[in-house]
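Read through the structure below, which is laid out as structure tokens, and then see the notes.
The values are calculated or read from the model by the stated rules, or taken from the named source; none is laboratory data. It should be emphasised that the depicted structure is a prediction, and the values quoted were computed from it without experimental measurement. With ideal geometry, Cβ positions are generated from the backbone for all residues, glycine too; neighbour counts draw on all protein chains shown.
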Amino acid sequence: MKEKEIIKIVKDRFKTINKLPHKIIRDFDTDDIHDFRVEIKKLRAFLRLLDTEKEIEGPLIPRLLKTFYGYVGIIRNIQLHRHSIFKYITDYKIEEPKEYIQILDEEKSYWEKEAAELMIDNSFKDNEDEILKQLPQKLEKSTIKKLVEKKLDELKEQLNNIKDDNAIHTVRKILKDILYNRDFINHDDLPKPISKEEDLKLLTTQLGDFRDKCIQLEFLSDEYLNKVLDENEKHILLKMKEQLLREKQIMIEQFSPIFKNILSKL
């Protein structure tokens with residue numbers, strides 16, 4: 001890949017990235033936040049590829065971009081958790097846990113304010129220029145192959161030692177990097193279970209659902225539940241937590257044969 005192609009890919013990513021922040025801080029739409037975060041992940045995956053060709057100084061994603069990405073990520077997590085609560089109370093015809101919802105809404109408002117203030121008189125143009133200045137003049141096929149080998153070694157290491165949720169999350173991140181760089185990768189270099197785009201997309205989506213389940217459980221940790229004074233509300237939330245834990249365990253069991261199959265081909 002030549003320098004012109006590399007620059008075009010980065011600039012195309014930033015076209016979308018630069019459009020979304022001011023749209024996001026207008027109403028913090030869940031889909032807009034999702035689109036923004038996906039673009040950052042795709043950019044980061046491509047920069048990891050370029051970093052293998054020529055080391056990029058400092059963090060791959062500059063501070064301002066990374067901070068806004070983090071803030072809106074927290075907001076989206078709260079939005080998704082809030083949605084799951086209302087689905088749960090509707091499905092089981094339970095009274096709304098108003099005190100708990102208020103706790104979530106106050107936290108969401110705090111991060112919305114932080115995100116909005118961060119973007120006052122700010123844009124990601126400097127971040128874009130900073131990245132463009134450091135791009136390599138070319139990207140060799142041998143470099144791409146080298147990164148794929150590295151990612152598959154990391155994947156093998158994780159799959160050999162799945163002890164906790166973080167290991168599963170790391171597996172997802174590795175597979176996402178491969179998915180986002182798939183257009184540049186020789187598919188013959190990938191093990192069969194993840195060589196087809198539809199298989200890789202399906203698995204990363206399932207792993208994303210697992211991650212969402214883990215995040216919901218974080219919002220039902222003692223840090224949050226201890227703030228709820230209404231015992232009836234707390235009882236409802238603990239019941240919901242029990243159900244989420246059961247669903248999470250089922251997902252882990254479903255991943256086991258999939259992971260074993262991938263590992264056997266690595």
If a residue must be buried (at least 19 other Cβ atoms within 10 Å of the Cβ) and closer than 19 Å to residue 109 by Cα, how many such residues does the range 29-60 contain?
2
Helices (runs of 4 or more DSSP H) lying entirely in the range 162-266 (those with 3 or more residues that are within 18 Å of the chain's Cα centre (by Cα), under 30 Å from residue 150 (Cα atoms) and not acidic (Asp, Glu))
165-180, 197-218
Tell me yes or no: at least one residue of the range 94-107 is in contact with a Ser or Thr (Cβ under 6 Å, 6 or more places away or on another chain) and either at pLDDT 95 or above or in the same structural domain as residue 28 (by TED's automatic domain parsing) (or both).
no
Subset of the range 62-108 [outside any helix (DSSP H, G or I) and in contact (Cβ under 8 Å) with a residue 24 or more places away in the chain]:
62, 94, 95, 97
Given the conditions (1) over 19 Å from residue 86 (Cα atoms); (2) without any contact (Cβ under 8 Å) to a residue 40 or more places away in the chain, every one holds for residue 235 apart from (1)
Residues of the range 108-124 that turn out to be more than 23 Å from the chain's Cα centre (by Cα) and either not polar (S, T, N, Q) or not assigned by TED's automatic domain parsing to the domain that holds residue 10 (or both), as a count:
3
Please pick out the residue among 64, 50, 20 that is touching a Pro at 6+ places or on another chain (Cβ under 7 Å), aliphatic (A, V, I, L, M) and over 21 Å from residue 225 (Cβ atoms).
50
